[in-house]
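K.L.:
Quick one: this structure, given as structure tokens, is what I'll be asking you about.
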Amino acid sequence: MARVGFIGLGNMGGGMAANLAKAGHDVRAFDLSAEALDKAKAAGCLPVASAREAAEGAEAIITMLPAGTHVEQVYRDSVFDAAPPSAVLIDSSTIDVATARRVAEAATARGLLAVDAPVSGGIAAANAGTLTFMVGGSNEAVAEAKPFLDAMAKSVFHVGASGAGQAVKMCNNLVLASTMIATCEAFALAEKLGLDPQAFYDVGSVSTAQSWSMTSYCPVPGVGPESPADRGYQGGFATALMLKDLRLAMAAAADAGADVPMGTRAKELYEAFADAGEGATDFSGIIKTFGAGATAD
Ligand code: NAD
């Protein structure tokens with residue numbers, strides 16, 4: 001088993017580092033938060049005092065940080081100098097495509113292998129080791145990263161060159177935001193038309209209205225499988241994080257000259273929801289702005 005440096009032990013990284021330790025790796029874990037370090041220790045990792053110390057001697061260095069600025073800073077200030085020449089750098093944070101490409105180029109210039117490997121699946125999948133990874137990088141870099149990703153994954157997809165993992169993640173969440181809002185507005189309309197939400201679900205979930213937002217994460221309490229709607233829209237995927245991803249998608253669309261009218265509207269609606277004090281609410285809670293789902297509060 002290998003030595004792994006893990007930097008960023010928050011909601012997602014904590015569970016991911018724990019699964020690497022469970023797989024038998026020697027995980028040197030670092031976070032700015034003492035509480036996160038304590039949890040990592042309890043999960044079988046060895047807490048270290050700096051990102052540099054996590055990177056030293058590691059065969060793989062994994063980052064799970066809030067945004068691109070954090071990744072770029074940690075790479076520049078610690079990882080690039082401390083990583084052994086044979087190490088593979090794996091960034092699983094959700095960040096903008098341009099930063100992902102820039103850090104990969106900087107790594108390559110130093111002779112290091114690097115991949116962007118953002119995830120889908122949320123905190124439950126991070127804890128369970130059932131994340132889906134979408135990976136961008138060279139064949140060689142992905143082959144080096146794969147055994148480490150497998151310890152945290154249900155599926156690992158190599159989707160293209162550096163930045164391609166982030167591009168897939170952005171496009172995925174663009175669809176997710178739009179289908180969630182469409183599902184919410186349809187349930188609100190169904191209610192105003194006097195329909196039982198269960199009756200609409202029974203038909204929609206097996207008809208052309210079907211999507212993950214409806215059948216796996218239904219925004220109406222008591223309808224469909226258990227979801228954040230059944231917990232007052234707490235836990236799950238915070239509106240603030242969805243908004244972050246939509247902003248990244250909008251920036252990428254502007255750079256690429258792509259027209260994204262649904263994504264643009266979804267971003268406006270999530271911005272208004274977050275501005276109303278709902279940033280920490282699960283993103284399916286946006287159904288409340290359509291006058292439905294209120295019973296869950
Ligand atoms: P989080 O805020 O819980 O964790 C981030 C951690 O990074 C914190 O513990 C923080 O202390 C640490 N950190 C920040 N700067 C640091 C530094 N310089 N050195 C070391 N540690 C540092 O966030 P999260 O929910 O774990 O999300 C992490 C990434 O995963 C984000 O990019 C997010 O968009 C993405 N993501 C989150 C989810 C989700 O459901 N939460 C799902 C998919 C992807």
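The values are calculated or read from the model by the stated rules, or taken from the named source; none is laboratory data. Because the structure is predicted, anything quoted here is derived from the model rather than measured. Using ideal geometry, Cβ is built from the backbone for each residue, glycine included, and neighbour counts are taken over all protein chains shown.
K.L.:
With respect to residue 52, determine if the residue is away from the ligand (no atom under 12 Å from the Cβ) and either in contact with a helix residue (DSSP H, G or I) (Cβ under 9 Å, 6 or more places away or on another chain) or basic (Lys, Arg) (or both).
P.N.:
Taking the combined requirement at face value, the residue does not satisfy it.
K.L.:
Take the residues in the stretch 114-124 that are part of a loop (DSSP other than H, G, I, E, B) and in contact with a helix residue (DSSP H, G or I) (Cβ under 7 Å, 6 or more places away or on another chain); name whichever of them is surrounded by the most Cβ atoms within 10 Å (Cβ to Cβ).
P.N.:
Step by step, filter the stretch 114-124, then rank; the result is 117.
K.L.:
Name the one entry in 44, 13, 24 that is near the ligand (Cβ under 10 Å from one of its atoms) and either under 20 Å from the mean Cα position of the chain (by Cα) or of a type outside the set (A, V, I, L, M, F, W, C) (or both).
P.N.:
None of the others qualify; the one that does is 13.
K.L.:
Would you tally the residues in the stretch 244-269 being within 15 Å of residue 183 (Cβ to Cβ) and either small (Gly, Ala, Ser) or within 11 Å of the ligand (Cβ to nearest atom) (or both)?
P.N.:
Summing the residues that are within 15 Å of residue 183 (Cβ to Cβ) and either small (Gly, Ala, Ser) or within 11 Å of the ligand (Cβ to nearest atom) (or both) in the stretch 244-269 gives 1.
K.L.:
Which numbered condition in (1) farther than 20 Å from residue 253 by Cα; (2) of a type in the set (Gly, Ala, Ser); (3) more than 14 Å from the ligand (Cβ to nearest atom) is the only one that residue 98 fails?
P.N.:
Status for residue 98: all satisfied but (1).
One line per residue, one yes/no per condition, for (1) under 26 Å from residue 40 (Cα atoms); (2) in contact with a Leu (Cβ under 9 Å, 6 or more places away or on another chain); (3) not aromatic (Phe, Trp, Tyr):
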site	(1), (2), (3)
105	no, no, yes
115	yes, yes, yes
118	yes, no, yes
126	yes, no, yes
134	yes, no, yes
138	no, yes, yes
146	yes, no, yes
149	yes, yes, yes
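K.L.:
While we're here: Which one of these does residue 216 not meet: (1) among the hydroxyl-bearing types (Ser, Thr, Tyr); (2) over 18 Å from the mean Cα position of the chain (by Cα); (3) surrounded by fewer than 18 Cβ atoms within 10 Å (Cβ to Cβ)?
P.N.:
(2) is the only condition that residue 216 fails.
K.L.:
Further question: In contact with a helix residue (DSSP H, G or I) (Cβ under 8 Å, 6 or more places away or on another chain) and within 27 Å of residue 249 (Cα to Cα), is that true of residue 191?
P.N.:
The answer is no for residue 191.
K.L.:
Would you mind listing the helices (runs of 4 or more DSSP H) fully within the stretch 132-243 where at least 1 residues are within 16 Å of the ligand (Cβ to nearest atom) and either out of contact with any Lys or Arg (no Cβ under 7 Å at 6 or more places or on another chain) or at pLDDT 95 or above (or both)?
P.N.:
139-150, 164-192, 212-215
K.L.:
Could you count how many residues in the stretch 27-41 are more than 9 Å from the ligand (Cβ to nearest atom), in contact with a helix residue (DSSP H, G or I) (Cβ under 8 Å, 6 or more places away or on another chain) and not hydrophobic (A, V, I, L, M, F, W, C)?
P.N.:
2
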